[in-house]
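Heads up: the structure comes next, in C-alpha cells.
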Amino acid sequence: MPNANIKGRRILALGAALAPHAKGPLAGAEMELGGMEQLAELSAVPRDLVLIDADAWEAPELAAAVKTLSGLKACPPVLLVGESLPAGLVRNLLRLPDSDVLEAPFTGEQLAGAIHALLAASQPAPQATSGDSRCWAVTGAVGGAGATTLAIEIATALGARARKERSVCLVDLNLADGATAAYLGAQPAMRLADFGQAAERLDAAMLQAFITPVSKQLDLLAGVRDPGGFDAVSREAVLRVLEVACECYDWVILDVPRHRRAWTLEALAGCDEVLVISELTVPALLAARSYSDEIEAALGTGLKPRIVLNRLASRMFGPAPSMTEAERALQRKADAGVSSDWEAAAASANLGGPIAQHRPKSKIVKDIQTLVERLAAAPARGPGARAA
Ligand SMILES: Nc1ncnc2c1ncn2[C@@H]1O[C@H](COP(=O)(O)OP(=O)(O)O)[C@@H](O)[C@H]1O
Ligand SMILES: [Mg+2]
C-alpha cells in the first residue's frame with residue numbers, strides 16, 4: 001500500500017547505501033541521492049526531509065552537516081540512520097526542530113514509520129478554530145451496518161463544503177482494529193498506547209504526529225492495529241485527543257464502536273449529533289431503537305441520536321422491510337436514509353478512498369450530501385447549545 005504521507009515528498013538522501021530504499025519503503029517519494037554540499041543549498045532548493053546515513057561519512061563531516069542544518073532558517077525534518085551513532089552528534093541533531101535517529105539494522109517498515117512520523121510532525125498545525133467546532137459521532141446499531149463507510153463519506157462531504165484547508169478531522173475510535181485507514185488506503189499513525197501517560201497531556205503539536213492527511217481538507221486520526229488497544233489507552237488519553245481535535249478543526253467526525261467503553265458517554269456528550277446507523281433487517285432496527293434509547297437515557301442531556309437507515313434498495317423486492325415497516329419496528333421515524341450501492345462501496349474500499357472520489361455519481365454520495373447539508377444547516381445541538 002503506498003504511503004499517502006510519503007508520496008511525492010522530496011527526500012534528500014546522503015549516503016549511497018540508502019539508494020535501494022527508493023524502491024522499497026520510500027517508493028512514491030521523490031528521492032535524490034546527494035552529497036553533503038547540498039545541505040547548504042537547502043534554502044534555495046527546499047526538500048521535505050533529509051535522510052543521512054551516518055555510516056557513510058566521517059565524524060567531522062557529520063558534525064559539519066548538523067551545524068549547517070542548524071543554521072538554516074527553515075530546516076526540514078532530518079532522519080539520521082546508521083550503526084554507529086556518536087552520542088554528541090545525536091544530541092546536536094535532536095536539537096533541530098524535527099529530527100529523529102534510527103539505529104541499524106532496521107526494517108523497511110521502521111524506516112518508513114520514522115519518516116512518516118517526521119513528515120507528519122513537521123506539518124504546521126491547523127489554525128486553531130474560533131472554538132465553535134462541531135463534532136458528530138457515527139456508530140453502528142449492529143456490526144456491518146455501514147458506520148465506518150458513512151463516517152468516511154460524511155467527513156468527505158463536509159470537507160468538500162469547507163472553505164479552508166484541513167478543516168475536517170475523522171477520528172477512528174475503534175482502537176483495536178479500526179478500518180477507516182484501510183478504507184481510505186492510508187497509513188494509520190496514531191500510537192496512543194506507546195505514549196502511555198504522556199498521551200493525557202497531548203497538545204496540538206503532538207496531535208500532528210498522529211495525523212494522516214487524506215486530502216487537502218480532511219485529516220485522519222486512526223490507530224495502528226493493536227489487539228489490546230482498548231485496554232492500553234486510558235480514558236483520559238482518548239478524551240484529550242478529542243478535546244485537542246475539536247480545538248484544531250472546524251469539524252470532527254467520530255467513528256465510534258458500539259460497545260460502551262469508559263470514555264464513550266463523555267465522548268458522545270461532547271458531540272452535537274449522534275448518528276446511529278442501521279441496516280434494513282428487523283434485528284438491526286430493534287437494536288437501533290434500543291441503542292438510541294440507551295444513549296439518550298445515559299447522556300440525560302436531551303440529545304436524541306438520529307437513526308440513519310443504510311443500504312436502502314431503490315425498489316423493495318423480497319423480504320426486506322419497507323421504510324414504513326422499518327419505522328414500525330423502530331417505533332419512530334428514521335431521520336435519514338442512504339441508498340444501497342454495493343459496487344460503489346466495494347470498489348471504493350478496494351481502491352482506497354471515499355466513494356465520493358471513486359464513484360461520485362453513486363446515490364450514496366447524493367444521499368450523504370443531503371444528510372450533511374441538512375444537519376449542518378440545523379443549529380448545533382451541542383453541549384454549548386443545550387446549556388444555553
Ligand atoms: N450504502 C451502502 N451500499 C452498499 N454497501 C454498503 C453501504 N454502506 C456500507 N456498505 C458496505 O457494507 C459493509 C460494512 O460496512 P462498514 O462501513 O464496514 O460497517 P460497520 O463500520 O458498521 O461495521 C462494507 O462492505 C461496505 O462497503
Ligand atoms: Mg466499522
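Read-outs throughout are calculated quantities, based only on the coordinates presented, and are distinct from any laboratory measurement. Not measured: the values here are computed from a predicted model. All Cβ positions, even for glycine, are placed from backbone atoms using ideal geometry, and neighbour counts span all protein chains on display.
Taken one residue at a time, the phi angles of the range 341-352 give Karplus couplings (6.51, -1.76, 1.60, θ = phi - 60°) of 8, 4, 4, 5, 5, 5, 4, 5, 4, 6, 6, x Hz. Gly and Pro are set to x. In this calculation the C-beta distance from Ala376 to Ala198 is compared with R0 = 41 Å, giving a FRET efficiency of 0.70. Close amide-amide hydrogen proximity is noted between Cys135 and Val252, Asp272, Glu273, each under 5 Å apart and 5 or more residues distant or on a separate chain (H modeled in the peptide plane; Pro and chain starts excluded). Karplus-derived 3J(HN,Hα) values for the range 292-303, using 6.51 cos²θ - 1.76 cosθ + 1.60 with θ = phi - 60°, are 5, 4, 4, 5, 4, 5, 5, 6, x, 9, x, 6 Hz; glycine and proline are entered as x.
Summarising the label geometry, the points placed 7 Å from Cα in the beta-carbon direction at Asp177 and Arg332 lie 3.1 nm from one another. With the Cα gyration tensor of the range 128-244 giving a ≥ b ≥ c as the square roots of its eigenvalues, does the rule (a/c under 1.5 for rounded; else a/b larger than b/c for prolate; else oblate) give rounded, prolate or oblate? The shape class here is oblate.
Does the range 10-121 come out rounded, prolate or oblate, given a ≥ b ≥ c as the square roots of the eigenvalues of its C-alpha gyration tensor, rounded meaning a/c under 1.5 and, failing that, prolate meaning a/b above b/c? It is rounded, given that a/c, with a ≥ b ≥ c, falls under 1.5.
So what is the relative contact order of the chain, in percent, for Cα pairs below 8 Å that sit 6 or more residues apart?
Working: 737 pairs, mean separation 61.2, N = 388.
Taking the mean separation of contacting Cα pairs over the length of the chain, I get 16 percent.
By definition, a body whose alpha carbon gyration tensor gives a ≥ b ≥ c is prolate when a/c is 1.5 or more and a/b is larger than b/c, and the chain fits this prolate description. Model label sites at Asp231 and Ala347, defined 7 Å from Cα along the beta-carbon direction, differ in position by 4.4 nm. Of all the options Gly71, Gly140, Gly15, the one that moves most in a Gaussian network model of the chain with Cα springs shorter than 10 angstrom is Gly71. Rounding to the nearest 10 and keeping the result within 0 to 90°, find how far the Cα-based axis of helix 59-71 lies from the longest principal axis of the chain. Helix 59-71 and the main axis of the chain meet at about 50 degrees. What angle do you read, to the nearest 10 degrees and between 0 and 90, between the alpha-carbon axis of helix 108-121 and the longest principal axis of the chain? Between helix and principal axis, roughly 80 degrees. Projecting label points 7 angstrom from Cα along Cα→Cβ for Ala205 and Ala17 puts them 3.3 nm apart. If R0 is 56 Å, what FRET efficiency do you get for Arg163 and Ser322 from their C-beta distance, rounded to 0.05? Computed FRET efficiency for Arg163 and Ser322: 0.90. Against the main long axis of the alpha-carbon atoms of the chain, helix 363-377 sits at an angle near 90°. Per-residue ellipticity at 222 nm computed for the chain from its helices equals -11000 deg cm²/dmol, with DSSP H segments shorter than 4 residues left out and the rest contributing -39,500 (n - 2.57).
How do Phe106, Phe210, Phe195 rank when sorted from fewest to most other Cβ atoms within 10 Å of their own Cβ? Present the calculation step by step, with values, prior to reporting the outcome.
Working: Phe106 14, Phe210 26, Phe195 17.
Neighbour counts put them in this order, fewest first: Phe106, Phe195, Phe210.
Give me the number: length gained by fully extending Arg95 to Glu243, i.e. 0.36 nm times residue separation minus the C-alpha to C-alpha distance, one decimal in nm.
50.4 nm
Taken one residue at a time, the phi angles of the range 207-214 give Karplus couplings (6.51, -1.76, 1.60, θ = phi - 60°) of 4, 4, 5, 9, 7, 10, x, 9 Hz. Gly and Pro are set to x.
Taking other C-beta atoms within 10 Å as the exposure proxy, Ile295, Ile154 rank Ile295, Ile154 from fewest upward.
Of all DSSP-defined beta bridges confined to the chain, some 5% are antiparallel rather than parallel. Per-residue extension of 0.36 nm, minus the Cα-Cα distance of Asp293 and Ala27, leaves a gain of 90.8 nm for this segment.
So how do Asp100, Asp219, Asp293 line up by other beta-carbon neighbours within 10 Å, fewest first?
Numbers: Asp100 18, Asp219 29, Asp293 14.
If I rank by nearby Cβ atoms, fewest first, I get Asp293, Asp100, Asp219.
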